[in-house]
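The values are calculated or read from the model by the stated rules, or taken from the named source; none is laboratory data. Quantities reported herein were computed from a predicted structural model and do not represent experimental measurements. Glycine also receives a Cβ, built like all others from the backbone with ideal geometry; neighbour counts cover every protein chain displayed. To get the accessible areas, we keep the full protein, side chains included, count just its heavy atoms, and leave off ligands, DNA and RNA. Shrake-Rupley method; radii C 1.70, N 1.55, O 1.52, S 1.80 Å.
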Number of protein chains: 2
Amino acid sequence: METPQIDNNATSNNRVIDLSHHLSDEARIRVANPLKDIMRVISECPVTDLITMANGDPHHSLYPFQQIMYEVPSIQDPSDPVTSWNNSGRTQIFHSYRDQECALPIRNAFQYSRAAGLVPCKDALTNFTNLIFAPPNHHVMLTFGNSDGLTKVFRIFGQKGDHFLTDEFSYPGITNCPLPYGVKWVGIKMDSGGIIPEELEKVLIRWDEAKLGRRPRLLYLVPVGQNPTGSTLSVDRRKKIYAIAQIWDLIIVEDDPYYFLRYNVPQTNCASADPDEFIENFRSTLIPTFLSMDVDGRVLRLDTFSKVLAPGMRLGWITSNKLFHLKLGEYTDSSTQPPHAFGQMFVTEMLSEHGWKIDGFCRWLRSLCLDYQNRLDFLLDVFQREVEPTGYAKRMFVWIEVFFEKHPRFVRERCSGGSPVVARTNTECLLKELIERLMSIHGVVFMPASTFAIPENALWVESDGHVPLSDRTRFLRATFAGTEDIIEKGMIRLGKGLREFFQE
Amino acid sequence: METPQIDNNATSNNRVIDLSHHLSDEARIRVANPLKDIMRVISECPVTDLITMANGDPHHSLYPFQQIMYEVPSIQDPSDPVTSWNNSGRTQIFHSYRDQECALPIRNAFQYSRAAGLVPCKDALTNFTNLIFAPPNHHVMLTFGNSDGLTKVFRIFGQKGDHFLTDEFSYPGITNCPLPYGVKWVGIKMDSGGIIPEELEKVLIRWDEAKLGRRPRLLYLVPVGQNPTGSTLSVDRRKKIYAIAQIWDLIIVEDDPYYFLRYNVPQTNCASADPDEFIENFRSTLIPTFLSMDVDGRVLRLDTFSKVLAPGMRLGWITSNKLFHLKLGEYTDSSTQPPHAFGQMFVTEMLSEHGWKIDGFCRWLRSLCLDYQNRLDFLLDVFQREVEPTGYAKRMFVWIEVFFEKHPRFVRERCSGGSPVVARTNTECLLKELIERLMSIHGVVFMPASTFAIPENALWVESDGHVPLSDRTRFLRATFAGTEDIIEKGMIRLGKGLREFFQE
């Protein structure tokens, strides 16, 4: 199959591309909730003194909330609020009032709302999105966090018989999601820089629609701090991948929970007390997103507060083109409904004049990133001291490669008879054994790479000398989200455990 | 087809019935999130000093919440807290602390949790469920409210080609939900007492599997204050429907958001200051639920805080047998994730020793019900004064029947040629016209019954003299959730509008 050509006349910033052929049958068939339609008709009715007996929502005078107060870290010492809070304990309070003035009053926040979210919250997040990511022409829809958001995205694109593309190691809590309704995954080879653009292209070129069904049209990526490998896509790879998406008409799902927690980046000039200057400097340390380069509208970006405030927030947002925005809204109206009032009130107050404002939130993000950087650096130090000297493992971020070929019971056998010729090893068994011994004998738990491996489809792995994914599944995932004490003990135990395992 | 017989030997309270054949293919195929499996293995590991480097969740010291305070109505005057609050404005405060003692501390609440919800919140709602509904043997799973809960329930049972059963007038925000993946609805005839058991049985007996696919196996009901008709199923009808469900092997989905807002029931003996006595008296005013009679495990009950606290709570729970509970959990883990910390913390504090406790919450519920009763009574008075004298309408709860046959342009024509012989009228057009005129000329909005009508399937409407649903679609839905001023103006305008419409 020849590589399709992109229409270069259509690359201006203002073009509108029809991407409706990507929608699943389900998304096409779904109709808007007629009651929400009626609400729209009402809102457009020119009668000034309109009485509505149509809407059965509880009256706000019956919501049992007079006021909600959130005591949060003070941003008064703006250079490093996380550390400053941990040291001084100094806090400030955001207020949500039922009747007094605030950014999103209780009386409005607790009503049923439109799918995209309550207007003040959606506007606040749209402002933030425009300021930080500067997307060409996109719309913001609130979600209950990225897991909820991805569920919705997968449902509006995928259906039985389809394949989605992703990294060959990926988070199963997400990749499991579309499997039960008949969507399969194709894992693309990765290296320390994340997914390899040329490997992505290879899969698309070699795809045999007669054998495998229609060519994949959706690419799911975690471009910063990929889970589990921790890799981050460079700007160069991002550009290559976007170009491939244009040529092969792919939708890119940019799931970016760790975007603001990127490590080993210059933090210069971030100390400015001037809000605008601070935001501008902060922005300059961030890597360009797929969203920011999305002239076609083929990117859906998912942001969440789970990693930068707390997982229990269950609040995030999807930024997409208008058609996909509408389809996500129809699905939201017929499933979860828009997110809870609590999170929307909190975020709206936080970003408002009464709260941290956008620059305060950015200061929190930067400070959080520094805190994690310190934890990561600590882990790397202890790893170097306790684990590397064993000679049995090396690390890529927190993705620890174990040299199973050094193990006395390591076996490689050439499978004969079959074509292609493939060398199979017992890596899988040894990894399982190591994980179990580390836990039961040495008292330390790691995630095995096998948990994240996307099963290979035999049909499209057809080159001689191909190393099966199961034999490349030789990694442990560590975390540095814990305290120094936990990190230190964990690494000491890993060092000991590896020595004991390899020198049995 | 003969009516199947129920096995009477299997009706003891402790029997376990295998209902797994009801699960959709999707629910069967779905696998648990392997990371949550590993969390379970860890929790069962006997090593006392286990260090986990597996879990990458943010550490609780980085959640930016020191304390959250909810200022709510005081229950100090326990006889009628809603009115007392509106008069005195007296409030009390529930606290969620990060580190100090409380029912569900911030440090735990904001972490990722198991699908069923955070343990203290799940336990609190399980206690409440057991105390109020006394189900035989069921488990509680938290949801983001009933819309989210029903989405999950429909997905674990329904698949392409299936039919679900429900009231012939039903809320489209819910009934739209499974349509896009190929599940159709069958509306069962209703009267002022709600769904008619004999009509349900008739549909099941007459069902022709050769023409229509497999016989429906799921019945979706709103047994109290059905939306839109406002009808409530009597105990007698509930028993008959449950018996039909046993005979025909139906799953009953009991969606009960208005359960505690049932009107015109004796409120005697509810003034007791003693908590246990109050709860017992309160319970005695409640109607038995399908859940309470569910010896087979074929009922899934959905409760929500949307109508009794506020819609923006986005918190509810499903009570079901263990198998369905597990399947709902697997779906939750691979879609929305469990609900937000805010709502779970609030509800846990509210029901705890530090909050209103269960009896305080019951006092709130009863008081809220009285408040709505007053609004309803007011609406009925004004209806009687302003609308009934026109002679063009009567009401059943807030479901207002309009006598379109009195309209000068009303037409009934016998469709000839077809079989069965059906009389068609122009009710549909007149209803649409009336709604539009009420809004644009009289400035009052009602929901037309057409919004709620479940389309009839021609194949199973085969009796001569059958009145098509479109000709029975002669109702307006009103609400009494608003203030007296709104209700009064609305009814005056309806009276005027009807006169003008009929006397054109």
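Quick one: in the stretch B:317-326, of everything that is out of contact with any Ser or Thr (no Cβ under 9 Å at 6 or more places or on another chain) and assigned to a helix (DSSP H, G or I), which residue is farthest from the other protein chains (Cβ to nearest Cβ)?
Residues of the stretch B:317-326 that are out of contact with any Ser or Thr (no Cβ under 9 Å at 6 or more places or on another chain), as a first pass: B:320-322, B:324, B:326.
Filter once more, keeping what is assigned to a helix (DSSP H, G or I): B:322, B:324, B:326.
Working: B:LYS322: 20, B:PHE324: 16, B:LEU326: 14 Å.
The qualifying residue farthest from the other protein chains (Cβ to nearest Cβ) is B:LYS322.
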Of all residues in the stretch B:311-334 being surrounded by 24 or more Cβ atoms within 10 Å (Cβ to Cβ) and of a type in the set (Gly, Ala, Ser), the one that is farthest from the chain's Cα centre (by Cα):
B:SER334
Given (1) surrounded by fewer than 22 Cβ atoms within 10 Å (Cβ to Cβ); (2) touching a residue at least 60 places away in the same chain (Cβ under 8 Å); (3) within 19 Å of the chain's Cα centre (by Cα), A:ILE196 misses just (2)
What's the number of the only condition in (1) of a type in the set (Asp, Glu); (2) within 14 Å of chain B (Cβ to nearest Cβ); (3) in contact with a strand residue (DSSP E or B) (Cβ under 6 Å, 6 or more places away or on another chain) that A:ASP333 fails to meet?
(3)
If a residue must be more than 20 Å from A:PRO311 (Cα to Cα) and part of a strand (DSSP E or B), how many such residues does the stretch A:142-173 contain?
6
Boolean, B:SER88 is more than 10 Å from chain A (Cβ to nearest Cβ), surrounded by fewer than 17 Cβ atoms within 10 Å (Cβ to Cβ) and in contact (Cβ under 8 Å) with a residue 60 or more places away in the chain:
no
I want to confirm something. Restricting to the stretch A:379-398 and keeping residues that are of a type in the set (Phe, Trp, Tyr) and modelled with pLDDT of 95 or more, which single residue is least open to solvent (accessible area, probe 1.4 Å)?
A:PHE383
Which one is least open to solvent (accessible area, probe 1.4 Å), of the residues in the stretch B:287-309 that are out of contact with any helix residue (DSSP H, G or I) (no Cβ under 7 Å at 6 or more places or on another chain) and either over 21 Å from B:ILE156 (Cβ atoms) or within 14 Å of chain A (Cβ to nearest Cβ) (or both)?
B:LEU309
A careful count of residues in the stretch B:290-346 that are within 27 Å of A:GLN111 (Cβ to Cβ) and of a type in the set (D, E, K, R) gives 4
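Could you list all residues from the stretch A:159-175 that are charged (D, E, K, R) and touching a residue at least 24 places away in the same chain (Cβ under 8 Å)? Step through it out loud before you land on a result.
From the stretch A:159-175, those charged (D, E, K, R) are A:160, A:162, A:167-168; that's our starting set.
The answer is A:ASP162, A:ASP167, A:GLU168.
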Residue under evaluation A:ASP249, criteria (1) modelled with pLDDT of 95 or more; (2) within 21 Å of the chain's Cα centre (by Cα), criterion not met
(2)
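Can you tell me how many residues in the stretch A:352-377 are more than 30 Å from A:GLU488 (Cβ to Cβ), away from every other protein chain (no Cβ under 13 Å) and not polar (S, T, N, Q)? Walk me through how you get there before you give the answer.
Going through the stretch A:352-377, the residues more than 30 Å from A:GLU488 (Cβ to Cβ) turn out to be A:352-362.
Subset that is away from every other protein chain (no Cβ under 13 Å): A:352-354, A:357-359, A:362.
Filter again for not polar (S, T, N, Q), leaving A:353-354, A:357-359, A:362.
Going through the stretch A:352-377 one residue at a time, the tally reaches 6.
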Looking for something in a helix (DSSP H, G or I) and either away from every other protein chain (no Cβ under 14 Å) or acidic (Asp, Glu) (or both) - is there at least one such residue anywhere in the stretch B:249-263?
yes
State yes or no: is B:GLY225 under 17 Å from the mean Cα position of the chain (by Cα), open to solvent by 20 Å² or more (accessible area, probe 1.4 Å) and in contact (Cβ under 8 Å) with a residue 24 or more places away in the chain?
yes
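Taking the stretch A:52-80 as the search range and keeping residues that are modelled with pLDDT under 85 and more than 7 Å from chain B (Cβ to nearest Cβ), which one is surrounded by the fewest Cβ atoms within 10 Å (Cβ to Cβ)? I'd like the intermediate steps shown before the answer.
First, the residues of the stretch A:52-80 that are modelled with pLDDT under 85: A:54-57, A:76-79.
Retained after the next criterion (residues that are more than 7 Å from chain B (Cβ to nearest Cβ)): A:76-79.
Numbers: A:GLN76: 12, A:ASP77: 16, A:PRO78: 21, A:SER79: 14.
Residue satisfying both the conditions and the ranking: A:GLN76.
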A:LEU380 is checked against (1) more than 10 Å from every other protein chain (Cβ to nearest Cβ); (2) closer than 24 Å to A:GLU101 by Cβ; (3) more than 21 Å from the chain's Cα centre (by Cα); (4) part of a helix (DSSP H, G or I) and fails just one. What number does that condition carry?
(2)
Against the conditions (1) open to solvent by 60 Å² or more (accessible area, probe 1.4 Å); (2) at pLDDT below 80, where does A:ARG28 fall short? Just the number, please.
(2)
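Within the stretch B:430-467, take every residue that is of a type in the set (Gly, Ala, Ser) and either touching a Phe, Trp or Tyr at 6+ places or on another chain (Cβ under 8 Å) or farther than 27 Å from A:ARG40 by Cα (or both) and give me the one that is modelled with the lowest pLDDT.
Quick first cut of the stretch B:430-467, residues of a type in the set (Gly, Ala, Ser) only: B:440, B:443, B:449-450, B:453, B:458, B:463, B:465.
Checking which are either touching a Phe, Trp or Tyr at 6+ places or on another chain (Cβ under 8 Å) or farther than 27 Å from A:ARG40 by Cα (or both) leaves us with B:449, B:453, B:458, B:463, B:465.
Details: B:ALA449: 94, B:ALA453: 94, B:ALA458: 67, B:SER463: 63, B:GLY465: 70.
Selected residue: B:SER463.
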So B:CYS177 ticks every box in (1) more than 9 Å from chain A (Cβ to nearest Cβ); (2) part of a loop (DSSP other than H, G, I, E, B) but one. Which box is left unticked?
(1)
Given the criterion within 24 Å of A:PRO275 (Cβ to Cβ) and either under 18 Å from the mean Cα position of the chain (by Cα) or in a helix (DSSP H, G or I) (or both), identify the matching residue among A:PHE342, A:PHE346.
A:PHE346
From A:ASP49, A:ASP123, A:ASP99, A:ASP37, residue being more than 11 Å from chain B (Cβ to nearest Cβ) and surrounded by fewer than 18 Cβ atoms within 10 Å (Cβ to Cβ)
A:ASP123
Just checking, does the stretch A:263-270 include any residue being within 23 Å of A:GLY158 (Cβ to Cβ) and out of contact with any His (no Cβ under 6 Å at 6 or more places or on another chain)?
no
